[in-house]
Amino acid sequence: MALGLVALAAGGWAFLASGPTETTAAQPAAVVPSLSVNVHRAFPHDTSAYTQGLLWWDGRLYESTGQYGSSDLRRIDPATGAVEQEVDISPAYFGEGLARVDDRLIMLTWKAQRAFVFGLERFDEQRTFRYDGEGWGLCNDGSRLVMSNGSNRLTFRDLRTFEVLGDVPITLRGFPLTQLNELECVGGAVYANVYQTDFLVRIDPDSGRVTHYIDAAGLLTREEARGVDVLNGIAFDPGAETFYITGKLWPKMFEVTFE
């Protein structure tokens, strides 16, 4: 296990794991296996995009961006990275995570406790959902929405009404794992960016356990990394069985597999 995750599992990274372990000397915490990032290709990413949500649908990428006064929703051509369509969000809102439900896109906001629903094709605003607390990441597992709020809990919500169905605490080797950010639901698992780190984690949403971790450090060169913000954004193309990952203000997006 990478040094950072060893420290994390030992309680060394207070912003990721805190509190007493749930394991004992007689029942040691299981080692969490790692997955490596295999880059298939890289393509341009808009360096003004403060990436918050990312998803793949029907040959296109959909991205939600943040920051007050510059949040938007956009459709991207994955062959070139070109923005094909976009709609600005009111300057009063800080855009966050994004999920698709049928022909609608649901975009969270950070502190406004509102989720905006847009039409998939025209990006026309159709309705608004209200929720308590902050909004960070969102994904659709096929039967429910999974939402993060920066804590160590994932909340499950109804696909149609956005009503809370339940929640689960997330743990890594028995420690609460906080700062769960952008989410992607894939094959019964939830992949999450861990905010302010180069790590992603694969979560079993039924038990709340982290089953794998992914160290995505080093994707950008030192020159490319100047002036950028953190890793954020995960999308999955089920046809190619590849992931797309990027970061806030990054100059590149990457098509990858985790192996």
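What the table shows:
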| read-out | value |
| --- | --- |
| Search result, residues across segment 200-220 that are over 20 Å from Pro169 (Cα atoms) and among the charged types (D, E, K, R) | Asp215 |
| Of the criteria (1) crowded, with 19+ Cβ neighbours inside 10 Å; (2) farther than 26 Å from Thr47 by Cα, which one His212 fails | (1) |
| Qualifying residue in segment 235-249 (condition: at positive phi and hydrophobic (A, V, I, L, M, F, W, C)) | yes |
| Candidates Leu172, Leu249, filtered to the one that is buried (at least 22 other Cβ atoms within 10 Å of the Cβ), touching a residue at least 24 places away in the same chain (Cβ under 8 Å) and not acidic (Asp, Glu) | Leu172 |
| Subset of segment 218-235 that is under 15 Å from Phe43 (Cβ atoms) and small (Gly, Ala, Ser) - its residue that is nearest to the chain's Cα centre (by Cα) | Gly233 |
| The listed residue being without any contact (Cβ under 8 Å) to a residue 60 or more places away in the chain, crowded, with 16+ Cβ neighbours inside 10 Å and in contact with a Pro (Cβ under 9 Å, 6 or more places away or on another chain), out of Val186, Val201 | Val186 |
| Arg100, sole failed condition from (1) surrounded by fewer than 13 Cβ atoms within 10 Å (Cβ to Cβ); (2) within 20 Å of the chain's Cα centre (by Cα) | (1) |
| Matching residues, segment 105-143, being touching a residue at least 40 places away in the same chain (Cβ under 8 Å), touching an Asp or Glu at 6+ places or on another chain (Cβ under 8 Å) and not in a loop (DSSP other than H, G, I, E, B) | Met107, Leu108, Phe118, Leu138, Cys139 |
| Checking Ala235 against (1) modelled with pLDDT under 95; (2) among the aliphatic types (A, V, I, L, M); (3) crowded, with 22+ Cβ neighbours inside 10 Å, the condition it does not meet | (1) |
| Residue in segment 215-222 that is among the charged types (D, E, K, R), closer than 21 Å to Leu138 by Cβ and touching a residue at least 60 places away in the same chain (Cβ under 8 Å) present | no |
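The values are calculated or read from the model by the stated rules, or taken from the named source; none is laboratory data. Predicted model only: the values in this text are computed from it and were never measured. Note that we place each Cβ from the backbone using ideal geometry, even for glycine, and neighbour counts take in every protein chain shown.
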